[in-house]
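Worksheet: the structure to be examined is printed underneath.
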Amino acid sequence: APGYISALNNKGNALQCLGGIQSALSQHQNALNSYQAAITAYDAALQRAPGYISALNNKGLTLQSLGDLQTVLSQYEGAMISYCGAITSYDTILRCVPNGISALNNKGLALQCLGELQAILRQYPDALSSYCDAIAVYDIALRHAPDNIDALNNKGNALAKLGVLQVALSQNFGALRSYRDAIIAYDAALQHAPDHINALNNKRNALAELGDLQAALIQHKGALISYREAIHIYHTALQHAPDYINALSNKGAALKSLGNLQTVLNQYQDALISYREAINAYDAALQHAPDDIQILNNKGSALQSLGELQIQNQKPSAACQSWETAL
C-alpha cells in the first residue's frame, strides 16, 4: 500500500526519533540523513493529504531539529532554510486551525531558534524581529489558553534571549524591560506549576542576567536584589536535587557576581562570604563533573577575585593561597 498515509507519518516519526538519538550520540551525518528521510516520508504523506495536521506538525518538528543540528555543525545556510520550512509548516496548520495552541507554541520555538541563528550571523535587525514575532505568537496562544505553562515558559525564554541581544546592541533599557517581562512570564507559569524545573531554571538565569545588567548600569540596589533572589532560587532547587550540576555551577556564578558587586560597594566582609560560597558551589559541582572545563575555569576566576579582595584587606598570605589554588 504505497500511499498508506498513516504508515508514512509513522515512518517519519520513527526516523525523527532515530535522528534524535544519533544526534545525541554525535553521529551527525547519520542524524542528518535520518532527519532528511523523515521529511521525505512526511512529504509523501502530504502529497496525498495536503491538510494532514499530524504530518504537517511532525514535519515542522523534524525541520526544527534538523536546523538545530545544522547550526551546531555551522551549516548556517541549511539551518536557515530548515527553520523557515518549519515555520511554513506551522503556518499551514494555523490557516486550518487558527487557535491551535500546539502549532502556535511550535511556531514560536522555531522563530526563537531562527532569531538565535540570525544573532550568530550578526543579522541583528532580523534577529530582533524574529524574537518579537515569537513573543507575539506566544501572546496569541496565551489569549486562548492563559494558563498554558509551555507558552508562558517559552515566552519567558524568548524575552530573555531578546534581552541578551539588546544588551549586546547597547539597548540597555529595552533589555531591562525584556528581562523583567521574562520574569513575569516565568512567575505566571510557576503560579500554576510551582515545581516546574524549566521555569525555575529559566527564572534564575533571567534574574542573574538582569543583575549583571543592573550592576553595569550602576543600579546597585536592584542588582543586589536580583542576585540574591537568583541565589535563593538556586538554593531551594538544590534542596530537592543536591547533585544538579547546572544549578550548582550557576549558583556559583551568581555568587561570584554578587561578590564582585559587594566589592565595588566596599561591602568587603559580605564579598568574602559570597566568593567562598561560590567556590563551595563549584567544588560541589566538580565532585560530580571533575573534568568540566567551564566549572574549573569559573572556580579559578572566583579564587582570583577572592585573592584580589584579600590583598585589599591586607591579607597577603591568604591571597597567595587563593591564587596558588586558582593556578
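The values are calculated or read from the model by the stated rules, or taken from the named source; none is laboratory data. Everything numeric in this text was worked out from a predicted model, so none of it was measured. All Cβ positions, glycine included, derive from the backbone under ideal geometry; neighbour counts span all protein chains shown. The protein model used for the area step is the full one, side chains on, heavy atoms only, and it has no ligands, DNA or RNA in it. Shrake-Rupley method; radii C 1.70, N 1.55, O 1.52, S 1.80 Å.
log₁₀ I(q)/I(0) of segment 65-119 at q = 0.17, 0.28, 0.31 Å⁻¹, via Debye over equal Cα point scatterers, no solvent, to two decimals? The Debye formula, applied to the Cα set alone, gives -0.50, -1.01, -1.15.
A simple spin-label model places the labels of Ile81 and Gln27 2.5 nm from each other, with each point 7 Å out along Cα-to-Cβ. Computed from the Cβ-Cβ distance with R0 of 35 Å, the FRET efficiency linking Lys315 to Lys221 stands at 0.75.
With contacts taken as Cα pairs under 8 Å at a separation of at least 6 residues, segment 170-294 carries a relative contact order of 18 percent.
Mind checking which of Cys84, Cys96, Cys132 has the largest fluctuation in a GNM of the chain, springs on alpha carbons under 10 Å? Of Cys84, Cys96, Cys132, the Gaussian network model singles out Cys96 as fluctuating most. In the chain, the calculated helix contribution to ellipticity at 222 nm averages -29000 deg cm²/dmol per residue, counting -39,500 (n - 2.57) for every DSSP H run with n ≥ 4. Distance between the pseudo-spin-label points of Glu308 and Ala193 (7 Å out from Cα toward the beta carbon): 4.1 nm.
Name the most mobile residue of Lys161, Lys256, Lys221, meaning the one with the largest mean-square fluctuation, in a Gaussian network model of the chain with Cα contacts below 10 Å. Of Lys161, Lys256, Lys221, the Gaussian network model singles out Lys221 as fluctuating most.
On average, how much accessible surface per residue is there in segment 203-282, in Å², for a 1.4 Å probe, leaving out ligands, DNA and RNA?
Per-residue accessible area for segment 203-282 comes out at 44 Å².
Taking a ≥ b ≥ c as the square roots of the eigenvalues of the Cα gyration tensor, segment 251-327 is oblate, since a/c reaches 1.5 or more and a/b is not larger than b/c.
Expressed in units of 2.2 N^0.38 Å, where N is the residue count, the Cα radius of gyration of segment 105-145 is 1.17. Where in segment 163-196 does the amide nitrogen come within less than 18 Å of the point 7 Å from the Cα of Arg122, taken along Cα to Cβ? Flagged as within label range: 165-171.
Overall, segment 176-327 carries a charge dipole of about 360 debye about its Cα centre when +1 sits on the Cβ of Lys and Arg and -1 on the Cβ of Asp and Glu, all other atoms neutral. Dipole magnitude for segment 1-109: about 260 debye, using +1 per Lys or Arg Cβ and -1 per Asp or Glu Cβ, origin at the Cα centre.
Overall, the accessible surface of the chain at a probe of 1.4 angstrom is composed of carbon and sulfur to the extent of 53 percent. For the chain, lysine pairs with C-alpha atoms less than 25 angstrom apart, excluding pairs fewer than eight positions apart on the same chain, total 23. For segment 1-135, the solvent-accessible area with a 1.4 angstrom probe is 46 square angstrom per residue. The value of relative contact order for the chain, using C-alpha pairs under 8 Å at least six residues apart, is 7 percent.
Net length available on complete extension from Asp147 to Asp270 is 40.3 nm, with 0.36 nm assigned per residue and the Cα-Cα distance removed. Three principal axis extents describe the C-alpha atoms of segment 63-189; from largest down they are 39, 37, 20 Å.
Surface listing: Val97, Val264 arranged by accessible area from highest to lowest gives Val264, Val97, probe 1.4 Å. Entry note, segment 257-327: relative contact order of 26 percent, from Cα contacts under 8 Å with a spacing of 6+ residues.
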